[in-house]
Amino acid sequence: MNSAIYPGSFDPVTFGHLDIIRRASAIFDELIVSVLDNHLKSPLFSVEERVKILEKATKDLPNVKVDSFSGLLIDYAKKKDVHVAIRGLRAITDFEYELQLAQTNSKLSKGELDTMFLTTSLEYAYLSSSGVKEIARFQGDISMCVPDFVAEMMYERYGHKQV
Ligand code: PNS
């Protein structure tokens, strides 16, 4: 089976991520979307919440599985016997970091883990999870950024009534 992993923080998943998930799931037999359990960050949503959010947001894509991981991506990929990581590229500003990540993973895995980039659709090129959080914190409109149920969860987390 031709599988790929789409790793990320997904705090929270945006329409940009969902666009990449949909397109990658059409290329591979199986796509594992995996949330990084990063103890250094203080996320808005716990790993368990992010997994649940992703499961709900991708329920119409039968070949998408949602999981979480901690530690190195190459070790997780090896455990899953997957050799391709998917990452989305929005703009040139993403490129330097993503290139470094991809090359580090390739080197560390001795060529066992390749990274495939999908360019973000233009309509979502401006979106970032941190930007969405900032807008939600000040009760701005995030309906064009995340699914409605995610927006509700975010406003609730920030202690706002529904806008
Ligand atoms: O959504 P993000 O925060 O841009 O995702 C970054 C992620 C999760 C892909 C990256 O930080 C990662 O894979 N972290 C796991 C640790 C690791 O393997 N690092 C690679 C060597 S620098």
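Structure summary
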quantity: Among (1) within 13 Å of the ligand (Cβ to nearest atom); (2) among the charged types (D, E, K, R); (3) open to solvent by less than 90 Å² (accessible area, probe 1.4 Å) - the single one residue 90 does not satisfy; calculated: (3)
quantity: Residue count, region 1-15 (criterion: more than 9 Å from the ligand (Cβ to nearest atom), open to solvent by 10 Å² or more (accessible area, probe 1.4 Å), outside any strand (DSSP E or B) and in contact (Cβ under 8 Å) with a residue 40 or more places away in the chain); calculated: 1
quantity: Qualifying residue in region 112-132 (condition: closer than 22 Å to residue 38 by Cβ, outside any loop (DSSP other than H, G, I, E, B) and touching a Pro at 6+ places or on another chain (Cβ under 8 Å)); calculated: yes
quantity: Of residues in region 103-123 being in contact (Cβ under 8 Å) with a residue 60 or more places away in the chain and either in contact with a strand residue (DSSP E or B) (Cβ under 9 Å, 6 or more places away or on another chain) or of a type in the set (Lys, Arg) (or both), the one surrounded by the most Cβ atoms within 10 Å (Cβ to Cβ); calculated: 120
quantity: Which listed residue is more than 26 Å from residue 152 (Cβ to Cβ), within 11 Å of the ligand (Cβ to nearest atom) and modelled with pLDDT of 95 or more, from 40, 36, 72; calculated: 72
quantity: Residue check, residue 130 within 14 Å of the ligand (Cβ to nearest atom) and either crowded, with 16+ Cβ neighbours inside 10 Å or under 24 Å from residue 53 (Cβ atoms) (or both); calculated: yes
quantity: Residue within region 48-60 that is at pLDDT below 95, open to solvent by 20 Å² or more (accessible area, probe 1.4 Å) and away from the ligand (no atom under 13 Å from the Cβ) present; calculated: no
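The values are calculated or read from the model by the stated rules, or taken from the named source; none is laboratory data. What you see is a predicted model, and the numbers here were worked out from it, not measured in a lab. In this analysis, Cβ positions are derived from the backbone assuming ideal geometry, glycine residues included, and neighbour counts consider all displayed protein chains. Only protein heavy atoms, including side chains, enter the accessible area calculation; ligands, DNA and RNA are left aside. Shrake-Rupley method; radii C 1.70, N 1.55, O 1.52, S 1.80 Å.
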